[in-house]
Each structure stands twice: as C-alpha cells, then as structure tokens.
1. Based on DSSP H assignment, which helices of chain B show an axial Cα extent of at least 15 Å together with a mean Kyte-Doolittle hydropathy greater than or equal to 0.5?
2. For label points placed 7 Å from Cα toward Cβ, what is the shortest-first list of nm distances from A:Gly279 to its copies?
3. Using the crude model of +1 on Lys and Arg Cβ and -1 on Asp and Glu Cβ, and no other charge, please compute the dipole size for the stretch A:173-257 relative to its Cα centre, in debye to 20.
4. Name the most mobile residue of A:Val19, A:Val325, A:Val182, meaning the one with the largest mean-square fluctuation, in a Gaussian network model of chain A with Cα contacts below 10 Å.
5. 5 Å is the cut-off here: which amide hydrogens, built 1.01 Å from N in the peptide plane, fall below it relative to B:Glu288, excluding neighbours closer than 5 in sequence?
6. Provide A:Glu268, B:Glu8, A:Glu288 in ascending order of the number of other Cβ atoms located within 10 Å of each residue's Cβ, fewest first.
7. Which ³J(HN,Hα) values, rounded to whole Hz and listed in residue order, are derived for the stretch A:55-70 from phi using the Karplus coefficients 6.51, -1.76 and 1.60 in 6.51 cos²θ - 1.76 cosθ + 1.60 with θ = phi - 60°, glycine and proline given as x?
8. Among A:Pro16, A:Pro242, A:Pro202, whose mean-square fluctuation peaks in a Gaussian network model of chain A (Cα, cutoff 10 Å)?
2 protein chains.
Amino acid sequence: VVGGHQFERRAGRAIPARVLDRATIEAALGRLELLAPIEQGFVAYSRGETVVPPVGELLFDDPPGDAHIKCGYIRGGEHFVVKIATGFYRNAGLGLPGNSGLMLLFSQRTGMLEYVLLEEGHLTNVRTALAGAVAARWLGPARVDRIAIFGTGLMARMQLEYLARVTPCRDVIVWGRRQDAVDACGADMRRAGYTVETTLDPARAAATANLLVTTTAATSPILLASHVQPGTHITAMGSDTPDKHELDVQLAGRADVYVADSIGQCAERGELHHALAAGTRSRDRVVELGQVIAERAPGRTAASQISIADLTGVAVQDIQIARCVVDAIRRRAATD
Amino acid sequence: VVGGHQFERRAGRAIPARVLDRATIEAALGRLELLAPIEQGFVAYSRGETVVPPVGELLFDDPPGDAHIKCGYIRGGEHFVVKIATGFYRNAGLGLPGNSGLMLLFSQRTGMLEYVLLEEGHLTNVRTALAGAVAARWLGPARVDRIAIFGTGLMARMQLEYLARVTPCRDVIVWGRRQDAVDACGADMRRAGYTVETTLDPARAAATANLLVTTTAATSPILLASHVQPGTHITAMGSDTPDKHELDVQLAGRADVYVADSIGQCAERGELHHALAAGTRSRDRVVELGQVIAERAPGRTAASQISIADLTGVAVQDIQIARCVVDAIRRRAATD
C-alpha cells in the first residue's frame, strides 16, 4: 500500500474524544444554575455574536418521526456544538421514550471532536424547559394567578417544573385531548404539590389562567384569540416544524408583544410562520427574546397587554447547556 | 418537583448507544470489500431511493476551517446516518491531523441513537478514496498508462492507494506547489512500489498521464483545458465548498462526459458550480455517477473522449460505509 494510513498516523494522532454517559450528565446538571447562561445565550444570539446555520431536518413517514440537527458557535468561544434531536411519537407503544439525541462539542481552533454527550434528548428537554422559564420571567404577568399548560406529555410536566424557578404560583390547569392523559398529567402535578384542574376545553383553560404554555404537536390551532384574557402571557413551544401550529393566526396578530427566540427560525418553523403567511403579523412587529433580556427591545409595558413568546429552540441554547455541563465535569475532575 | 424526570423514566428508558472506537472500526474495515456497497449507494441515490438533505456547513476564519454535516437514509433501511467531518488546515503545525469527525447511526423506526462511530475522519477519507476508485472504474481509460495525482496531502496518497483496486498501473506523476511536499509524497509512493515522477508544473503532469485525480484545496483552477490530452479521465475531488475550484471552466465545458456524484450538490459546491456560473456547461450536459453505474446513462463511449468525475461527497457514501462497518462488527459479535 502507498501508505495513506501510515501518513495519516505521521500527520498526528487525534486525542480521543471523551464520551459522557447520561448518568454523568445528569449528575453534573443537578449542580448547575442554568437560567442565567440560557439568558446570556439568547442575548449573544440576538446581538449577532453567534454563528447559527439553518436547522437541518430529516422527516420520516412510517412510523412518523423527525430528526433535527442544530449547530453553531459563539464567536471567540472554545467549542462549536452539533446537536441531533429526534422525536418519534409512536415509541411509547414500544416502551421507548419519544425523544433521543446527543450533543457534540468540537474545538473551534482545531475542529477536533472533544466531547460526546450521550444525553438521549434530556439536555434538549431541559434547555427547552429553561427557555420557557426565561420567557415567563421576562414576559409573564407581574402576578401569575394561575398557570395553564396545554399538552400532557413530558414537556408539559417539565415546563411546569421549571416555571417554579421564576414564579411562586402553584395553581395549574391542564388541557389535553384525552381524559386519561390529563388525569395522568394532573396526578403527577398534584404529587408535586400543585393545585390542579384538568379540562378538555381550551377556552376554559385560557379563561382561568394568565400564564399559558402550549406544549403540543398540534398541526391546527388549539388556542384562539377569543379564548385569551387581557394581561395574559402565552409561551408557544410546540411548533418546531413548518406544519406544526398551536396558536390561531388572529391571536398571533393581535398580541401586543410578540417575541421570538429567533425571528429567522420562527418565520420558517414557529407560530410566526403561519401568521406571516396569513398576513396577520409582519416581521417588523416581532422582537427577539435576547433583545428583551438585553433591554434593547420593550417587553410587556402594561399589565393589560397580551404577550406571546414563540420558541422553536435555537442552537445557542444547546451550546450553552452543553458548555455548562462540560465545564462542570471538568471542574469536578480538576478538584478530585 | 413535578416529576418531569420521573415521567421521562416511566416513559421508557433508551437502550444506551454503542460507542465504537477507532481501533475497532479500523479492524472491521480491514475485513471489508467496500467498492460494491459504495457503487450500490450511488445507484440508490441517483434512483431517488435515498433522502439526503442539503449539506450543513459551519465555516471558521481564524484559524481557517470548516465543518460539514451530511445526513440521510435509504428508504426502507434500518438506520439513518449523520456524519460530521471537519477540516482545519493549520493543524499540522500543532501536531494534529487536519481532519476529524464521527458518524452516528440512528434507527429509522424509533429515532434512537444506536451507534457512535468515533472514526476521527478516517471513514470519510476511506469512502472518499473509494469514490475515486469507483469513478476510475466506470470512467477511466481502458488502459491507464500513467496516473497523475494533483496534491500532496493525505487524500493524494489514499486516492492512489485505492486506485490499485481498479487498475494495475503503478506509474505515477505527482504535482504539488512545493518541492518538499512532492518529494515527501513521492517517497511514500515509491516505498509502496510505484514508479514516481514529481513536478511543480501541472501541464507536465497532465501531458504524461491519462488518469488524473485532483485532491487539492485550491480556490483557483490548477488544470486548464489546454493541459489535458484526448482520452483522459479526470476525477476532481478537492472541491466541497462553493469557493474551492480545481478545474478551469473551459475544461469543464469541453469534456465529452461530465459525471457528478450528485448534480444538485455539485451545482452548489463542486466544479460544476463554477462551470454553471461561467455558462460553459449546463445541467442537461451532466449525468450522475449512479446513473452510469446502473447503465442508465452512458459513460465513456470512445477512447479519445475526455471525461470528468466531479465528486463532492454525498451522505449516501457515509451511510454505506457506516452500515458495512456496523454490520461487520455485529457479525463478529454474533460468531464470537
């Protein structure tokens, strides 16, 4: 042979990547305060300090599922991150979780793969729940009377769990399409000390709460403009593909404050996508969450306003959570 | 807490992904005949049996580098594949290889991550070299008098090495920009039993050979139409970003046969990209390698023709090599 392999060796050997399993990642997570790093990530993104290409997507028909590839970096940082997250909704029937995935950290200086985080979708879930808490912190009503959660899956539970970091409210109404699903979700929430009402009527959920979170995979709107009371904040986080759709376009149009995690990404795969298509909202009536956090754009300016946070999930959240986990593990290793 | 994590556990635990290190992958590779699977991959791709989204790309300025994310699947197959490959050309100064990367196999039925191949860019190198051999097999002259390799890096050596699977020719001329680089590359090739001439003049290399392979990161053309003799085949594999460019647009225009690994991808980031922009070649004068292999498009039809294979690297090659490696490791495990 010519010696391609030998040359490859002579050219230098890579330092093998470090593989972190889920237990190691969860242990590190437990010691971390992540709200501030996620907020800083949104700010860096909206300031243009990040490089975040469009989301890569693979769709599957039978069984239905999707894979999203998000990648990017903060300029001048140590790593760039590639995150793959999958969602296959029929997995429950196989005794498997609906989500999977991993995060990868490469050096910005050498391109070498340094860390493989076998997080199985957990870090995506956590950073998604944290984004909901960040949105509620910056846009939620001053006094949350009641929380309404639309959806009965894992993210419904995690959104409520992480909201406890930003509001003392422990009164919740859960909406779902099926009684057994709202019952099971409500039972989990009661066990955690919440006062829980369940309903199959979205109007009822919206009428009794002023902090609403939609966490469904709906492809036609659940929440209408007529459902929502003045003074309400809505975080819509279900939509992450162009066909998903939770908020009626009239509601998206009428909101006093409309905040996207990424205007570009929401225009392609968030609620904004549908509102732009319907002509009920234009891009110049949307600001980014990072601008609100940096106080470069107004959030809620009056108690009676209706605000919407349209969250599709941006790679900068993956960058921030992956970085925090790896830093925590490195600090631990250094002190051991 | 509400029990997001507990619910996540109740919803089923994932089977942990199997992590394969480089030594395991190299051992499996040594036992595999990969030319046929790579050919079948090109055929499946050109028949539309695959789903291959556009390449994801991250570019870096200082130090210069790039990361490419390729993903896709063959419909009805077991897995989908995500491959990340990086190239940072200044790594040699740090004693590190210029390339890194990994391949990931997920279930098409559940989205679960099943295999992490820590191949450090090696499988990308091998499948790229195999594609060069496939192109030479289907498009090369019936009798190869001499091989000209343009470039002096790892891929220059690997292309020659893998060409030995499809031609008995052991006479080679190596072109490079620097004498020390062609000397080192030539020495490796001589050690492997080749008769080697080195040159800094591309016209000399092209004039004395009838199977040419360009493996550079050039951003302005190395090879001109006037350099190339009738009866020559050229495989251009250096270009994988829109700014890379190895073949003069007149040469791309005049070739009798122009074959792309992927017309869509070459139109964006191959030599075809430049020829289309210059108007020297149109899309209807290009066929795909998979069509030639399936004999649905003619390749070379006369000994005096000039043919070009424009290879940018398609995810289906990653799918095929990753699948073969994993299958070999599973077979091994089953018989142990």
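Each value in this text was obtained by applying a stated rule to the coordinates, not by laboratory testing. This one's a predicted model, so the numbers in the text were calculated from it and none came from an experiment. Cβ sites come from the backbone with ideal geometry, for glycine too, and all protein chains shown count toward neighbours.
1. Sorted by number, the helices that extend far enough and score high enough are B:35-46, B:122-139.
2. Distances to the matching label points in the other copies: 3.9 nm.
3. With Lys and Arg at +1 and Asp and Glu at -1, about 140 debye.
4. Maximum among the listed residues: A:Val19.
5. B:Ala260
6. Sorted ascending by nearby Cβ count, the order is A:Glu268, B:Glu8, A:Glu288.
7. 5, x, 9, 10, 10, 10, 9, 9, x, x, x, 8, 10, 10, 10, 10
8. Maximum among the listed residues: A:Pro16.
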